[in-house]
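The next block holds one structure in the form of structure tokens; read it before the comments.
The values are calculated or read from the model by the stated rules, or taken from the named source; none is laboratory data. Since this is a predicted model, take the numbers as computed values, not measurements. With ideal geometry, Cβ positions are generated from the backbone for all residues, glycine too; neighbour counts draw on all protein chains shown.
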Amino acid sequence: MATDILNGIAEVAREHLGWEGPLTADMRLIEDLRLDSVRLLTLAAEVENRFRVLLSETDEAAIVTVGDLVETVRRKLA
Amino acid sequence: MPETVNDYLLRAGRLPDGGLRFVDRGEQATWVGWGEVRERALAVAAGLLGAGAGRGDRVALVFPTGVEFFAAFFGALLAGAVPVPLYPPVRLGRLQEYVSRTTRMLAACDALVVLADARVKRFLGEAVAAARPRLGCRTLADLPTGVPADSADVAAAAGGGPRPDELALIQFSSGTTVAPKAVALSHRAVVAQTEILSGCWSDREGLRHSCASWLPLYHDMGLIGCVFPALARDATLTLLPPELFVARPALWLRAIGRYGATISPAPNFGYSLCLTRVADAEMEGVDLSCWRAALNGAEPVAPGVLRAFARRFARWGLSPAALTPVYGLSEAALAVTFSALDQPCRSGWYDREALAEERVARRVSPGAHDAHGAHGAGDAPPGLATLPDRAQEIVSVGRPLPGFRLSVRDPQGRELPPGRVGRLWVSGPSLMQAYLGDPEGTARTLRAGWLDTGDLGFLEDGELYLTGRAKDLIILRGRNHSPAEIEQAVDTLPGARAGCAVAVSWLPDGASGEVLALFVERSRHATPAELAALPDACREAVLAATGLALDRLEVLAPGTLPRTSSGKLQRSETLRLHLAAKLTPPAPVTPLRLARAAARSGLGYARWRLARRREGLT
């Protein structure tokens, strides 16, 4: 399940953020994926669209890495 | 004739279509009439007065786009206090940057209390603990209740309505952690700006103007440009949260079409985002023919984006005459010039060398050019295919609004004739009172009724063309940033020379928006490993500290960046040299240079000759 979510997020990153190359759980959104605030917003929105979940401010404050995002989505889908 | 923003609120709500329409992510709309906004504001005002807030106290507001923002904003005004809208946190991470920025802003405006959305409040703990506003941080529900909230009671408790020279609001001109500039605007200034804008959309011939906006409510174009004219005209304002627009820009265009909005502003970035992120399928059934004024301001206007936007969305009824480049700044409350409404915007091609070196605007094509001609983004007009090399296209931002005057001046402050490039000063009825708590900054900026905009430009046929900025300011996506916060982010990185970085942004020809560049000198003692890691480290550090992604980064030899005689780095000169491809290191230590240095003493020269012979160089 976590792998599916990671793959889904990788597709979102490719399609909407132009991210090329592999995406791993330990990558940090800001430092490693180089996402500025507009792109962070885009990522959050497109992840919500793809997985049909709603993230909340409390979830988001804790999200630093791709793995954190995967875990948050996994909890929402459970 | 209303004299204060409070007057607008107290008389609004008489017309059935006067109010706010909030559109959510499911495109469902919630309607709140101005009368209800007033009732809610009165309750907040009574609560603020009950909590101990009073005349002139600063009330910081941290709310997403929603009715609570309006209740809090107008509630503060009705209580005789001064509202200070601040940024809510953005999505995903960025909390540290947000906390430090908010702390600085709370201190800069000397806030008595922070009113916040319940969800936002828990992120404010650290900032509130550091800035320590006397009444702390509260949600609207935390305010004392039970006080009768009749407008006469509230006005009496507040010591009467505000005078026109009292402050109506404080807005921050740059969202910076280093030196936030708190622009203090009086009721007189805000009312003057509101009347001017409302005059641009007077209802006539059965046309009732209404506005749609996704702009943040802590931004001058969103608050002063959209909210107050709608309130003054007792008209409709359709609002989308800015984060919703960024996530799905099509919702903006769909809202314009669905609700028949005639006015909708955005910075260049908004138009550019629509070009890249709106799919044709999302535009099905959308009719944009109602859109009369697509105002484009708050950041430099890219001619290619204007053209591409007009061409792309013409299919859905967008009139090419709708696109309206404008110019303004928060120090002038908002707008200073508008290009002609209901007419295609104008641009011209100017000799690049003449602009930069002689500071003269010399046209290289006859007459004004219609910026909407049938050309793609960045295309040159027919017959001018070879122009872009030596010519630069600049869009007119129009003529001064009623009551405003423009003056282009040389560095000594003398007025220049039309066609000469200089520093733009403006005078008008809505200039700020001061930068709060910064008398030196105020004295530098406001002189004898004139405001130094720090922007560079020229006048031609009474219209303003902007060529760049003299002040050190980064403008990205409609928001101002101080270069210092970007430069300081890389200060302590291994391999970087401390205090030797310069951040600049500018609008390159044919680009869709401003680009951000950072120039960093490397340390003399940098190891090869440090140098190899430096570019990535710089990008990371800037993102982490400011949320901004660098478009260009150059690591330079020590001593490359231009400095003043006192050793201060010169940002605008750095940019000029970079654009001229003349940003080169000081002459390196070559044999020739060694020879020159050595030749200064005969002994040294002899040694140098000897050394060269030994190395087999002669």
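Does residue B:543 count as more than 22 Å from residue B:302 (Cβ to Cβ) and under 20 Å from the mean Cα position of the chain (by Cα)?
Yes.
Give the residue that is nearest to the chain's Cα centre (by Cα), with candidates limited to residues of the stretch B:401-433 that are surrounded by fewer than 20 Cβ atoms within 10 Å (Cβ to Cβ) and under 17 Å from residue B:184 (Cβ atoms).
Once the filter is applied, the top-ranked residue is B:433.
Going through A:40, A:29, A:35 one at a time, which residue ends up being at pLDDT 85 or above and either of a type in the set (A, V, I, L, M) or within 23 Å of residue B:273 (Cβ to Cβ) (or both)?
After ruling out the rest, the residue left standing is A:29.
What tally of residues in the stretch B:115-137 results from selecting those that are buried (at least 21 other Cβ atoms within 10 Å of the Cβ) and away from every other protein chain (no Cβ under 14 Å)?
Matching residues across the stretch B:115-137 total 5.
Residues being away from chain A (no Cβ under 14 Å), part of a loop (DSSP other than H, G, I, E, B) and charged (D, E, K, R): count how many of those fall in the stretch B:505-525.
Matching residues across the stretch B:505-525 total 2.
Looking only at the stretch A:1-19, which residues are over 19 Å from residue A:77 (Cβ atoms) and either part of a helix (DSSP H, G or I) or in contact (Cβ under 8 Å) with a residue 60 or more places away in the chain (or both)?
Correct list: A:14, A:15, A:16, A:17.
Just one of B:72, B:76, B:53 is part of a loop (DSSP other than H, G, I, E, B), buried (at least 24 other Cβ atoms within 10 Å of the Cβ) and more than 14 Å from chain A (Cβ to nearest Cβ); which is it?
Result of the check over B:72, B:76, B:53: B:53.
Could you grab me the full set of residues in the stretch B:479-493 that are within 13 Å of another protein chain (Cβ to nearest Cβ), in contact (Cβ under 8 Å) with a residue 60 or more places away in the chain and touching a helix residue (DSSP H, G or I) at 6+ places or on another chain (Cβ under 6 Å)?
B:486
Could you run through the stretch A:51-68 and say how many residues are more than 8 Å from chain B (Cβ to nearest Cβ) and over 9 Å from the mean Cα position of the chain (by Cα)?
Step one: of the stretch A:51-68, the residues more than 8 Å from chain B (Cβ to nearest Cβ) are A:51-54, A:59, A:62, A:65-68.
When the remaining residues are screened for being over 9 Å from the mean Cα position of the chain (by Cα), the result is A:51-54, A:59, A:62.
Of the residues in that region, 6 qualify.
Let's see how each residue does on (1) in the same structural domain as residue B:334 (by TED's automatic domain parsing); (2) assigned to a strand (DSSP E or B); (3) β-branched (Val, Ile, Thr):
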| position | (1), (2), (3) |
| --- | --- |
| B:402 | yes, no, no |
| B:429 | yes, no, no |
| B:466 | yes, yes, no |
| B:486 | no, no, yes |
| B:492 | no, no, yes |
| B:503 | no, yes, no |
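Do you know which residues across the stretch A:20-30 are of a type in the set (Val, Ile, Thr) and away from every other protein chain (no Cβ under 14 Å)?
Answer for the stretch A:20-30, where residues must be of a type in the set (Val, Ile, Thr) and away from every other protein chain (no Cβ under 14 Å): just A:24.
Mind listing just one residue for me: the one in the stretch B:231-260 that is in contact with a Cys (Cβ under 6 Å, 6 or more places away or on another chain) and away from chain A (no Cβ under 14 Å) and, of those, nearest to residue B:36 (Cα to Cα)?
B:237
Checking the conditions here, which among A:6, A:17 is among the hydrophobic types (A, V, I, L, M, F, W, C), more than 9 Å from every other protein chain (Cβ to nearest Cβ), surrounded by 18 or more Cβ atoms within 10 Å (Cβ to Cβ) and more than 28 Å from residue B:125 (Cα to Cα)?
Among A:6, A:17, only A:6 is among the hydrophobic types (A, V, I, L, M, F, W, C), more than 9 Å from every other protein chain (Cβ to nearest Cβ), surrounded by 18 or more Cβ atoms within 10 Å (Cβ to Cβ) and more than 28 Å from residue B:125 (Cα to Cα).
Of the conditions (1) within 23 Å of the chain's Cα centre (by Cα); (2) in contact (Cβ under 8 Å) with a residue 40 or more places away in the chain; (3) assigned by TED's automatic domain parsing to the domain that holds residue B:329, residue B:257 fails just one. Which one is it?
All conditions pass for residue B:257, except number (1).
Taking only the stretch B:355-370 into account, find how many residues are modelled with pLDDT under 90 and not in a loop (DSSP other than H, G, I, E, B).
Number satisfying all stated conditions: 6.
Name the residues in the stretch B:526-571 that are away from chain A (no Cβ under 12 Å), hydrophobic (A, V, I, L, M, F, W, C) and closer than 30 Å to residue A:39 by Cα, would you?
Across the stretch B:526-571, the qualifying residues are B:531, B:532, B:533, B:534, B:555, B:556.
Checking residue B:221 against (1) within 14 Å of another protein chain (Cβ to nearest Cβ); (2) surrounded by fewer than 23 Cβ atoms within 10 Å (Cβ to Cβ); (3) not β-branched (Val, Ile, Thr), only one condition comes out false. Which one?
(1)
Read through the list (1) under 25 Å from the mean Cα position of the chain (by Cα); (2) polar (S, T, N, Q); (3) away from chain A (no Cβ under 14 Å), then give the number of the only condition that residue B:319 fails.
Condition not satisfied by residue B:319: (1).
Go through (1) touching a strand residue (DSSP E or B) at 6+ places or on another chain (Cβ under 8 Å); (2) at pLDDT 90 or above for residue B:142 and report which single condition fails.
(1)
When you check residue B:63 against the structure, is it in contact with a Phe, Trp or Tyr (Cβ under 9 Å, 6 or more places away or on another chain) and among the aromatic types (Phe, Trp, Tyr), yes or no?
Judged against the criteria, residue B:63 is a match.
Kindly indicate the residue of the stretch B:89-133 that is part of a loop (DSSP other than H, G, I, E, B) and touching a residue at least 40 places away in the same chain (Cβ under 8 Å) and also farthest from residue A:64 (Cα to Cα) among those meeting that condition.
Just the residues of the stretch B:89-133 that are part of a loop (DSSP other than H, G, I, E, B), to begin with: B:89-94, B:110, B:117, B:122-124, B:132-133.
Next cut, touching a residue at least 40 places away in the same chain (Cβ under 8 Å) only: B:90-91, B:94, B:110, B:117, B:124, B:133.
Numbers: B:90: 14, B:91: 11, B:94: 9, B:110: 32, B:117: 24, B:124: 19, B:133: 30 Å.
It comes out as B:110.
Would you check if residue B:268 is surrounded by 21 or more Cβ atoms within 10 Å (Cβ to Cβ) and either touching a residue at least 40 places away in the same chain (Cβ under 8 Å) or within 14 Å of chain A (Cβ to nearest Cβ) (or both)?
The answer is yes for residue B:268.
Report yes if some residue within the stretch A:31-50 is more than 8 Å from every other protein chain (Cβ to nearest Cβ), more than 27 Å from residue B:478 (Cα to Cα) and in a strand (DSSP E or B); otherwise report no.
There is no residue in the stretch A:31-50 that is more than 8 Å from every other protein chain (Cβ to nearest Cβ), more than 27 Å from residue B:478 (Cα to Cα) and in a strand (DSSP E or B).
Restricting the search to the stretch B:94-128, which residues are basic (Lys, Arg) and at positive phi?
B:94 - this is the single residue of the stretch B:94-128 that is basic (Lys, Arg) and at positive phi.
Answer yes or no as to whether residue A:71 is more than 8 Å from chain B (Cβ to nearest Cβ), over 12 Å from the mean Cα position of the chain (by Cα), among the charged types (D, E, K, R) and more than 21 Å from residue B:249 (Cα to Cα). Reasoning before the result, please.
Working: more than 8 Å from chain B (Cβ to nearest Cβ): yes; over 12 Å from the mean Cα position of the chain (by Cα): no; among the charged types (D, E, K, R): yes; more than 21 Å from residue B:249 (Cα to Cα): yes.
Answer is no for this residue.
From B:206, B:260, which residue is at pLDDT 95 or above, farther than 24 Å from residue B:168 by Cβ and surrounded by fewer than 22 Cβ atoms within 10 Å (Cβ to Cβ)?
Testing whether each residue is at pLDDT 95 or above, farther than 24 Å from residue B:168 by Cβ and surrounded by fewer than 22 Cβ atoms within 10 Å (Cβ to Cβ) leaves just B:260.
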